[in-house]
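K.L.:
Questions regarding the structure given below will be posed in turn.
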Amino acid sequence: MQDCIGAIDGIQVRVKIPSKDAPNFKGRKGWPTTDIWAACSFDLCFTYILTGSEETASDSRILKNAIIRDELVIPEGKFYLVDDDFMLKSNLLAPYPRVRYHLKEYSQCGPENAEELFNLTHASLHMAIKRAFGVLKKRFPIIASGTEPDYPIRTHICIIVACCILHNFLMGVDPNNRLIEEVDAELMNATIGSSAAIGLGNERQDEEFRRGMLLRENIARAMWSDYTVNELIKEKPQVKEWWTAPIHNYDKLYTPFAPDRAAAEDVFAGAFFNTAPEEETPQDPLLECNGVNFIKPSGEGSPILDDQMPSKFKRKRSAMNETNDKNLQDSEIRLLRIATALEKGKLKIKEVDNPTAEEFSRKEIFAELERLQVDSSKIIDAYLLLSADKEKTKTFFGAPESYRLSVIYKMMSQL
């Protein structure tokens, strides 16, 4: 998640509200509260503060208004982490719904697929905003107080903003590691809800949601790929050197063997090597899907591989190139011969294994002889003759129906 710039979440604080406005600010605990919505970086400094909203306002609507008013600026290509109360967008990544999420749920059993690994990483990074709020409350107990304040809500909002500014200043000059450790311990000991997996989330099927879903999917797959490789390296350390080992002469091997990679379509056979090369060589699909630009070398060598190749190979490059070119030509000839032999073999196999449409059963032979009204004294001999010789059977049935009777009598006269 290299493009992640922080996390967004909110807390509730008790405020003093006039009686006529109290229903709009009534919180879960029965008294008036207001939300503090904040974005923070991973060094626990607040980068955005929004407070003073009614408790009855939805989380997504509050955040949407903040973005529309350009108060919360999210750089292009970057994103914040949010919980499942927010709508998934390309710049606001929520976790996968119906997948276990909380850190404690992974203490006994690690992630088993890409979605669980994403949620585990999401929960670990999103913890930054909870830690920032925890440190803020411990530094300024007035925010965490459950007693009704003596001052109106507008004064309370100014106090909250001032506390956040002081918090950012202190994080730069005196982070107070002991305070942070206390908050971390409290968060780790916090109980988890009864549900093992987070809910359905607040996802609406629109273009922004689809872009966010695609981004989340790509990040999850990339993380899972790295995770599985790292787990393999832990079990077999010798694999690590294979993972980064250069493939010498990859650009030369790419030419004859790239079309033979397993694929569902657009596969070329050996005859591909007889066709004249196009002016522009097509991009390797494996490199293209991973965002790798394939540089076609000019001349005999590859400048990319030259830097990685030991000097003893460089000294022998000229002789090796001539040998490799000759071997490639020989390989092309052999491949063409193999392809031709395989085609011939297929025809022979088809003749042996697949019965032709010209073969007839004994029942069909006898029925045809009866239909032609062969002499009753000769019908048995004719039947035995055709049943014993497939070639004569083909000749018999290959003749027009009006001549078949003459054909069978002619065959019998030659015995």
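Readers should treat all values here as calculations from the given coordinates under stated rules, not as data from a laboratory. Here the structure is a predicted model, which is why all the values come from computation and not from measurement. Cβ sites come from the backbone with ideal geometry, for glycine too, and all protein chains shown count toward neighbours.
K.L.:
So how far apart, in nm, are the two label points at Glu217 and Ile380 if each is 7 Å from Cα heading toward Cβ?
P.N.:
7.6 nm
K.L.:
To continue, here is another question. For the range 362-413, what's the relative contact order in percent, using C-alpha pairs closer than 8 Å and at least 6 residues apart?
P.N.:
Numbers: 24 pairs, mean separation 17.7, N = 52.
Here the relative contact order equals 34 percent.
K.L.:
What order do you get for Ile338, Ile143, Ile5 when you list them from fewest to most C-beta neighbours inside 10 Å?
P.N.:
Details: Ile338 11, Ile143 20, Ile5 17.
Fewest to most other Cβ atoms nearby, the residues stand as Ile338, Ile5, Ile143.
K.L.:
Oh, and also: If a/c stays under 1.5 just call it rounded; otherwise compare a/b with b/c (prolate if a/b is bigger, oblate if not). Do that for the range 136-183, with a ≥ b ≥ c from the square roots of the Cα gyration tensor eigenvalues.
P.N.:
oblate
K.L.:
I'd like the Karplus ³J(HN,Hα) series for the range 37-45: coefficients 6.51, -1.76, 1.60, θ = phi - 60°, whole numbers in Hz, and an x wherever there's a Gly or Pro.
P.N.:
9, 9, 10, 9, 8, 7, 9, 6, 9
K.L.:
Now for a separate question. Set the Förster radius R0 to 30 Å, insert the Cβ-Cβ distance between Tyr151 and Asp43 as r into 1/(1 + (r/R0)^6), and round the FRET efficiency to 0.05.
P.N.:
Once the sixth-power term is evaluated, E becomes 0.40.
K.L.:
Determine the shape class of the range 372-415: with a ≥ b ≥ c the square roots of the Cα gyration tensor eigenvalues, call it rounded for a/c under 1.5, and otherwise prolate if a/b is greater than b/c, oblate otherwise.
P.N.:
oblate
K.L.:
Based on the Cα gyration tensor of the range 17-173, what are the three equivalent ellipsoid semi-axes, each the root of five times an eigenvalue, rounded to whole Å and given largest first?
P.N.:
Working: eigenvalues 170, 68, 61 Å².
For the range 17-173, the ellipsoid semi-axes come out as 29, 18, 17 Å.
K.L.:
Determine, for each peptide in 39-45, 183-189, the mean count of other beta carbons within 10 angstrom over its residues, then list the peptides with the highest first. All intermediate terms of the calculation are to be shown ahead of the outcome.
P.N.:
Working: 39-45: 19.0, 183-189: 12.7.
Descending packing order for the listed peptides: 39-45, 183-189.
K.L.:
Output the relative contact order of the range 4-232, whole-number percent, from Cα pairs under 8 angstrom with separation of 6+ residues.
P.N.:
Taking the mean separation of contacting Cα pairs over the length of the range 4-232, I get 27 percent.
K.L.:
Separate question: Please work out the FRET efficiency for the pair Ala185 and Gln108, using the Cβ-Cβ distance as r and a Förster radius of 22 Å; give the result to the nearest 0.05.
P.N.:
With a Förster radius of 22 Å, E is 0.65.
K.L.:
Could I ask something else about it? At 7 Å along Cα-to-Cβ for each site, give me the label-to-label distance between Asp85 and Glu231 in nm.
P.N.:
3.3 nm
K.L.:
Next up: In nm, give the distance between the simple-model label positions of Ser124 and Ala144, each being 7 Å from the Cα along the Cα-to-Cβ direction.
P.N.:
Here the answer is 2.6 nm between the modelled labels.
K.L.:
So, R0 is 25 Å and r is the distance between the beta-carbons of Thr255 and Arg337; what FRET efficiency does that work out to, to 0.05?
P.N.:
Once the sixth-power term is evaluated, E becomes 0.80.
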